[in-house]
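Everything on this sheet refers to the single structure shown next.
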Amino acid sequence: MGQMEWKIPHCAPEISEAFLKSEFTPLLAAVLQARGADTPEKARKYLTRDESLLCDPLLLTDMERAVSRIELALEKKQKLAVYGDYDVDGITSVCLLLDYFSGRGLECEAYIPDRLDEGYGVNTKALKVLRDRGVDLVITVDCGITATAETEFAKSLGLDIIITDHHECPQSLPRAEAVINPKRPDSAYPFGELAGVGVAFKLVCALEGNSRAPLGRYADLVALGTIADVMPLVGENRALVYRGLEKLKTNPLPGLAALLEESGTANKPLSANTVGFTLAPRINAAGRLCKTEVSIKLLLSKNRTEAEAPAKELCALNRRRQELETEVWEEAMTVLSTDEPKGPIVLGSDSWHPGVVGIAASRLSEEYRLPTIMICFENGIGKGSCRSYGEFNLFEALTACSEHLESFGGHAMAAGLNIKPEKIDNFKKALGEYYLSNLPTEQAALKPEVLISDPSLLSMDDVRSLSELEPCGSGNEHPCMCMCGAVLESVSPIGNGKHLKMRISKKGTIFDCVFFSRSAANLGANEKESVDICFTPQINEFHSRQSVQLLICDLRSSETPENCHRILESAELKSDEIMRFRPDREELGSVWRRIVASGGRLVMQSERFSEGCFGFEEPERLCLCLRIFHELGLVELTRVNGRLICTSVETRGKTELTQSPLYRALWGNDGLRPSASE
Ligand SMILES: [Mn+2]
């Protein structure tokens, strides 16, 4: 559980002239520039979140075929079934189509396979059951793209299938009535990242011939499934989720209103995070504990009275899910605390609930920053949930160790496996060896987008303007910034000691900060010390008074004073520091003029390099300048009682910067052509 590496931008942002003249605040402009939207035009495009982003549903391959097959069903009053999945994306997709078709007067039923008995996807037994119940047409949502054999089986029963899915396409597609998937290689659809519920929504838009009415009715449902499935909130998803959140605030589905109320979030500000961390887990809990019917009942409730009971039940199921998860978590922590893991974590038990081991594996992989496999044993076979960490490709690792496995499948980041209990030890050993010889070259690192050296960039107006970036989430993260060499003024525990409130100052400006899930004991810095922070700035509202608050994601004792000492002593630089700190000709010139202007003598408190030295954002740069002047014989540097004194030396004639070995090392012998410095 070591400190996460930080990758800090080389310099504070330089806001372009065009941006300074535009409607964007400097802070928002800095974020947009960092994200590649480096002109006001590109920025406006980046921030668009209105309906102009919605694409024509008929661009989806097979959409017209699906529409005519469904119109035939309408005409002949055929019986429909919507076949989904037990996660939030699947459930919202099912409810969306169920509501739509029943509104069109069709007889339509939902089919969601049981997580434990049937597992994910279309299965033949279920198709047989549906056919026996008189179903003529099955529409899959959020699944089915690999159901080639099952589709043939359905045909043999006289059952038609329309597949709508958003998972990766296999080499050959099922021969269904229609296969709608934005990821189809032959698709002309401009956006490939729709959730399952997004695809179901496009089917409704195509049937309606426009998007306006369906959007008004289903935007909150679409947003819920899209956020829960962690789809990137860009392009069409950005418009769908933005509109969905607006609907949740003003005119939500009765079921979602009841669930917000029941979970105690009804009167709090609502964002994609609320949906992801409050609504989604409650609806998902039903699927994990094999009670999907409760979620369906909630989402199809016609009014608040009807929605009350399922909302209460989902909250209870979620508490049960948390208890089960805590049991697994605590048992795992007990095992791991005696033996700090160095390689992939592989744990097993016959008492864990299979519905929650996946979340426990995710949490453990984050906590230990290691790939994690959690296995439940039942009837002599182990079923494992696997979560990777960082750049490590877990799917390839499982392939390499497959001789110990009965079966496995999944992706680089998440996978599932079946294993015999007696093979666990050998598997664990093989996986550990594979891990050591295939360590990810790129360690997971915190990558703040903007280096803040001028605290005025964090004004109320600037921070408020960041809301233009919403909805934030996957693919469009909350902007992460960093500030180096700030002073930790005070630290106090809040929330029964679970969290911290802090005050941090930079160049005389004080910021209120919160740091969740951190105690003073493991903060890694003391009051009055120099610290670096990574944070997201936000507007805090307290008693209707608004202020800027920094939500800290990581804090470390500042490396600036240490860096300065190292540079002054030995001019030793780490590779990333060269790009970040090397001063160019112009800067060297301005430091030199500064020395001359102060009568040839500069005095610095070298313990507090943190406090911007002579207008230098990064004291390291100043120290490099002084080292170069020293090498050229232009100055003498002396250290007295924690003070650094720089005195200019009388020289005759011109001095070439290239005579300094340090300057040459920083810029390369034939890098920039340095001219003479007087
Ligand atoms: Mn999905």
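The values are calculated or read from the model by the stated rules, or taken from the named source; none is laboratory data. Here the structure is a predicted model, which means the values were calculated and not measured. Cβ: placed from backbone, ideal geometry, glycine included. Neighbour counts: every protein chain shown. Note: areas computed on protein heavy atoms with side chains; ligands, DNA, RNA excluded. Shrake-Rupley method; radii C 1.70, N 1.55, O 1.52, S 1.80 Å.
Under the condition of being open to solvent by 10 Å² or more (accessible area, probe 1.4 Å) and farther than 17 Å from T265 by Cβ, which residue from region 219-237 is nearest to the ligand (Cβ to nearest atom)?
Looking at residues that are open to solvent by 10 Å² or more (accessible area, probe 1.4 Å) and farther than 17 Å from T265 by Cβ, I get D229.
Just to be sure, is E422 of a type in the set (D, E) and either in contact with a His (Cβ under 8 Å, 6 or more places away or on another chain) or in a strand (DSSP E or B) (or both)?
no
Kindly provide the set of residues from region 41-67 that are hydrophobic (A, V, I, L, M, F, W, C), open to solvent by 10 Å² or more (accessible area, probe 1.4 Å) and within 30 Å of L28 (Cα to Cα), ordered by number.
If the condition is that a residue be hydrophobic (A, V, I, L, M, F, W, C), open to solvent by 10 Å² or more (accessible area, probe 1.4 Å) and within 30 Å of L28 (Cα to Cα), then L47, L53, L54, C55 are the ones that fit.
Residue-by-condition table, conditions (1) touching a helix residue (DSSP H, G or I) at 6+ places or on another chain (Cβ under 6 Å); (2) not polar (S, T, N, Q):
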site	(1), (2)
A228	yes, yes
N237	yes, no
K249	no, yes
K268	no, yes
A286	yes, yes
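Considering N393, N379, which residue is closer than 21 Å to R288 by Cβ and of a type in the set (S, T, N, Q)?
None of the others qualify; the one that does is N379.
For E246, all conditions in the list (1) more than 16 Å from the ligand (Cβ to nearest atom); (2) surrounded by 21 or more Cβ atoms within 10 Å (Cβ to Cβ); (3) of a type in the set (D, E) hold save one; what is the number of the exception?
The failed condition is (2).
How many residues does region 368-398 contain that are open to solvent by less than 50 Å² (accessible area, probe 1.4 Å) and either free of Cβ contacts under 8 Å to residues at least 12 places away in the same chain or in a loop (DSSP other than H, G, I, E, B) (or both)?
7
Output the residues belonging to region 68-85 that are surrounded by fewer than 19 Cβ atoms within 10 Å (Cβ to Cβ) and either outside the structural domain of A213 (by TED's automatic domain parsing) or assigned to a helix (DSSP H, G or I) (or both).
Once the filter is applied, which keeps residues that are surrounded by fewer than 19 Cβ atoms within 10 Å (Cβ to Cβ) and either outside the structural domain of A213 (by TED's automatic domain parsing) or assigned to a helix (DSSP H, G or I) (or both), region 68-85 yields S68, E71, L72, L74, E75, K76.
Among the candidates D160, D136, D142, single out the residue that is assigned by TED's automatic domain parsing to the domain that holds A66, within 12 Å of the ligand (Cβ to nearest atom) and in contact with a strand residue (DSSP E or B) (Cβ under 9 Å, 6 or more places away or on another chain).
Going through D160, D136, D142 in turn, the sole match is D142.
For a quick check of your reading of the model, give me the residue pairs whose first member lies in region 634-658 and is over 20 Å from S598 (Cα atoms) and among the hydrophobic types (A, V, I, L, M, F, W, C), whose second is part of a strand (DSSP E or B) and modelled with pLDDT of 85 or more, with beta-carbon atoms closer than 8 Å and at least 6 apart or on different chains.
Close Cβ pairs (under 8 Å, with a partner that is part of a strand (DSSP E or B) and modelled with pLDDT of 85 or more) do not exist here.
I'm told V294 meets every condition in (1) part of a helix (DSSP H, G or I); (2) open to solvent by less than 20 Å² (accessible area, probe 1.4 Å); (3) touching a residue at least 24 places away in the same chain (Cβ under 8 Å); (4) of a type in the set (A, V, I, L, M) except one. Can you identify the failing condition by its number?
Status for V294: all satisfied but (3).
Being away from the ligand (no atom under 16 Å from the Cβ) and either under 20 Å from A154 (Cβ atoms) or modelled with pLDDT of 95 or more (or both) is the filter; apply it to region 164-178 and report the residue that is surrounded by the fewest Cβ atoms within 10 Å (Cβ to Cβ).
Applying the filter and picking the extreme gives S172.
Mind listing whichever residues of region 119-143 are more than 27 Å from L74 (Cβ to Cβ), surrounded by 15 or more Cβ atoms within 10 Å (Cβ to Cβ) and over 29 Å from the mean Cα position of the chain (by Cα)?
Scanning region 119-143 gives N123, T124.
For region 267-278, which residues satisfy the criterion of being closer than 20 Å to N540 by Cβ and either within 25 Å of the chain's Cα centre (by Cα) or in contact (Cβ under 8 Å) with a residue 60 or more places away in the chain (or both)?
K268, P269, L270, S271, A272, N273, T274, F277, T278
Going through V67, V94 one at a time, which residue ends up being within 16 Å of the ligand (Cβ to nearest atom) and modelled with pLDDT of 95 or more?
V94
Scan V197, V204 and give me the residue that is more than 16 Å from the ligand (Cβ to nearest atom), modelled with pLDDT of 95 or more and open to solvent by less than 30 Å² (accessible area, probe 1.4 Å).
That would be V204, the only listed residue that is more than 16 Å from the ligand (Cβ to nearest atom), modelled with pLDDT of 95 or more and open to solvent by less than 30 Å² (accessible area, probe 1.4 Å).
So which of D461, D454 ends up being in the same structural domain as C513 (by TED's automatic domain parsing), among the acidic types (D, E), open to solvent by 10 Å² or more (accessible area, probe 1.4 Å) and modelled with pLDDT of 95 or more?
It is D461.
Restricting attention to region 471-486, which residues are open to solvent by 10 Å² or more (accessible area, probe 1.4 Å), at pLDDT 95 or above and hydrophobic (A, V, I, L, M, F, W, C)?
Within region 471-486, C480 is the sole residue that qualifies.
What do you reckon, is S211 polar (S, T, N, Q) and within 28 Å of the chain's Cα centre (by Cα)?
no
Please verify whether E607 is open to solvent by less than 30 Å² (accessible area, probe 1.4 Å), modelled with pLDDT under 80 and assigned by TED's automatic domain parsing to the domain that holds L568, treating the condition exactly as stated.
Spelling it out, it is not the case that E607 is open to solvent by less than 30 Å² (accessible area, probe 1.4 Å), modelled with pLDDT under 80 and assigned by TED's automatic domain parsing to the domain that holds L568.
Could you go through region 7-17 and let me know if any residue there is under 22 Å from P214 (Cα atoms), free of Cβ contacts under 8 Å to residues at least 60 places away in the same chain and assigned to a helix (DSSP H, G or I).
The answer is no; no qualifying residue exists.
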